[in-house]
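Here's the structure, in structure tokens; my notes come after.
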Amino acid sequence: LDVARRTGFGLALPSRDPHAPAYRWLYSALRAAILQGQLRPGTRLPSTRDLAAQYRLSRGTVVAAFAQLTAEGYVDGTVGSGTHVRAVLPDALLQVDARATPRAVAHRPRHGLSRYGTRVQPFPPLEPRPSRAFRPNVPALDQFPMAVWAQLASRRLRRASTRALLSGDTRGYPPLRAAVADYLATSRGVTCHPDQVMIVAGVQEALDLVARLVLDPGDRVCIEDPGYRGAAQLFEAIGARVIAVPVDGDGVELAPSLLRGARLIYVTPAHQYPLGVAMSLPRRLELLEWARRAGALVFEDDYDSEYRYSGRPIPALQGLDRTGQVVFAGSFSKVLFPALRLGYLVLPGDLIDRFAAARSLTSRYVPLLEQTVLCDFILEGHFGRHLRRMRQLYAERLAVLMECARHQLSGLLELSTIEAGLQTIGWLPRGIPGEAVAEAARARDVEVIPLRRFYRGRMPRDGLQLGFAAVHAREIRRGVNDLAHATERLRTQYRGAARRAVRR
Ligand SMILES: Cc1ncc(COP(=O)(O)O)c(C=O)c1O
């Protein structure tokens, strides 16, 4: 272990006390670094020459400090292989200072926080475990053409100019913006000029920018109920009043009493998250008309709409908008891979500069290399090919799920006939709580999410969210089998309990 070779960083010691002799200061600083675990056993210390140059000391001073540390048993030195922290420090030394490992970080807030700082809550990350039945919200990552991506990335790196190392465009790499505008016009019916496109770090960043630019604390913002919790959490953190609006078979219900005074409404029209309902045309027109009259913005989260298995593709709400009420957002998280952290916004013309200004004060722009690789991936046809392959694979997996469910889950879980996306909903018989089924399924290594988790208000019917895209056909069959057993047992239990309650 070599501090410099391992990390490429110099050794940072606390600043020097100008009154202490140089030798004494260096000896104490290195000793403290060893005892506190900053320099771990086995680590190679920088050379006396490098340390002398870094801290402007004479070489003799450094040699003397090293000699003292060697004599006391903190370090070993052999000519030629350098000086290392001793692999085993004598107990007596460790007792000098019990903090041999870095101190645990205190998590309880001690510092004064803003209201945002106290309100903001962590959003759970995707779990880095192999996919099993029926993990939702993940694509089939083992199918991603990584060899192609690696080739494109290394070509970009080899050819990177100094300009590319200097800076990027706040709104994103211009050729990528043009490629995204083209793709959205063709496949999503979005009408936009590349100037309206902004490359963002996923839909989540798009939501954050919109929220900060149009909402003040106390402002009303409408969300779908059930809906995507990441949006609700974000709006709540900035202090907005979040109004949950029920969803029916046509999409979000436009109840005037709920929409009154709202500045923003967040919707997933292509296929509602998590129910999968597509917003009907009359509802879309009504929503745009409301937004126009109210002077409100509509945030269209087009998340996951690329995978349509049947029915006609449903063009974006943005394409119907004539008055600039819609902010359209989409993501590469589900079509490529979530850790890419790239997505896009299509903005009404009057908001472009505001968004660019906000971005220039935060992350400035998303990393350029990833944008250029993605741009090549799209322009050279790999994106379209990957989409087509995945659409076919997911359609097959969905068909396996529906087929197995018909045989084994009939009367236990009624699967929704969804037309798009990576997951579906299974409806439970009345009286069996989704949480209990999810718990029993977990014991059999099956992952399903109780629908309750997506609701803020009344839940008309209980069910489960089931993902199929990332799950191999064999695992889908295994999962259906185990889920059927778990649900059947619960149904017997709950029926027995209901009968006993009636008799009493
Ligand atoms: C409905 C919905 N919208 C947006 C997001 C956020 O996506 P991104 O990874 O692009 O930030 C998620 C993430 O799971 C989601 O479920």
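The values are calculated or read from the model by the stated rules, or taken from the named source; none is laboratory data. Nothing here was measured: the structure is a model prediction, and the numbers come from that model. Cβ coordinates were reconstructed from backbone atoms using ideal geometry, including for glycine residues, and neighbour counts include every protein chain displayed. Heavy atoms of the whole protein, side chains included, go into the accessibility calculation; ligands, DNA and RNA do not. Shrake-Rupley method; radii C 1.70, N 1.55, O 1.52, S 1.80 Å.
Rolling a 1.4 Å probe over the protein chains gives MET146 an accessible area of about 100 Å².
Ordering GLY239, LEU466, PRO46 by the projection of their Cα atoms onto the charge dipole of the chain, which places +1 on the Cβ of Lys and Arg and -1 on the Cβ of Asp and Glu, puts PRO46 at the extreme positive end.
Remark: accessible surface ordering of THR492, THR61, THR43, THR70 (largest first) is THR492, THR70, THR61, THR43, probe radius 1.4 Å. Starting from one equal scatterer on each C-alpha and no solvent at all, send me the Debye-based log10 I(q)/I(0) for segment 369-504 at q = 0.14 Å⁻¹, two decimals. Values returned for q = 0.14 Å⁻¹ are -0.71. I need the shape label for segment 10-60. Rule: rounded when a/c is under 1.5, else prolate if a/b > b/c, else oblate, with a, b, c from the alpha carbon gyration tensor. Oblate. So what is the relative contact order of segment 242-298, in percent, for Cα pairs below 8 Å that sit 6 or more residues apart? Normalised by residue count, the contact order of segment 242-298 is 37 percent. Charging the Cβ of each Asp and Glu at -1 and of each Lys and Arg at +1, and nothing else, the dipole of segment 411-504 about its Cα centre rounds to 680 debye. Charges were assigned to the Cβ only: +1 to each Lys and Arg, -1 to each Asp and Glu. The resulting dipole of the chain about its Cα centre is roughly 1000 debye.
Given a 1.4 Å probe and the protein chains as shown, LEU412 ends up with an accessible area of around 10 Å². Relative to the longest principal axis of the Cα atoms of the chain, the long axis of helix 174-188 lies at roughly 20 degrees. Expressed as a whole percent, the accessible area of the chain that falls on carbon and sulfur atoms is 53 (1.4 Å probe).
Classify segment 210-302: rounded, prolate or oblate, from the alpha-carbon gyration tensor (a ≥ b ≥ c, eigenvalue square roots; a/c under 1.5 rounded; otherwise prolate if a/b is larger than b/c)? Cα axes put segment 210-302 in the oblate bin. Only Cα pairs under 8 Å and 6+ residues apart enter the sum, and on that basis the relative contact order of the chain stands at 16 percent. Count the net charge of all other residues whose Cβ sits under 14 Å from the Cβ of TYR494, scoring Lys and Arg as +1 and Asp and Glu as -1. Summing Lys/Arg as +1 and Asp/Glu as -1 gives +2. DSSP beta bridges fully contained in the chain are about 60 percent antiparallel.
Across the options LEU287, TYR365, ILE352, the greatest Cα extent toward the positive end of the charge dipole of segment 256-383 (unit charges at beta carbon of Lys, Arg, Asp, Glu) belongs to LEU287.
At the listed q of 0.11 Å⁻¹, the Debye profile of segment 304-416, built from one uniform point per Cα, gives log10 I(q)/I(0) equal to -0.57. Entry note, the chain: the mean residue ellipticity at 222 nm calculated from DSSP H runs of n ≥ 4, each adding -39500 (n - 2.57), is -13000 deg cm²/dmol after division by the residues and rounding to the nearest 500. Charging the Cβ of each Asp and Glu at -1 and of each Lys and Arg at +1, and nothing else, the dipole of segment 181-256 about its Cα centre rounds to 140 debye. Using all pairs of distinct alpha-carbon atoms, the Kirkwood hydrodynamic radius of segment 449-504 works out to 13.9 angstrom. Report, in degrees rounded to the nearest 10, the 0 to 90 angle that the Cα long axis of helix 59-71 makes with the longest principal axis of the chain. The answer is roughly 80 degrees.
Taking the three principal axes of the alpha carbon atoms in the chain, the coordinate ranges are 84, 63, 47 Å, sorted in descending order. Mean sequence separation of contacting Cα pairs (under 8 Å, at least six apart), scaled by the length of segment 349-504, corresponds to a relative contact order of 23 percent. Ranking TYR173, PRO128, VAL138 by how far each Cα lies toward the positive end of the dipole of segment 116-173 (charges on Cβ) leaves TYR173 at the top.
Just how far, in whole angstrom, is segment 147-178 from segment 449-504 if you go by their alpha carbon centroids? Using only Cα atoms to place each centre, the spacing works out to 47 Å.
Seen against the Cα atoms of the chain and their longest principal axis, helix 368-379 is set at about 40 degrees. Take 10-18, 211-219, 338-346 and order them by the average number of nearby Cβ atoms within 10 Å per residue, most first; the result is 338-346, 211-219, 10-18.
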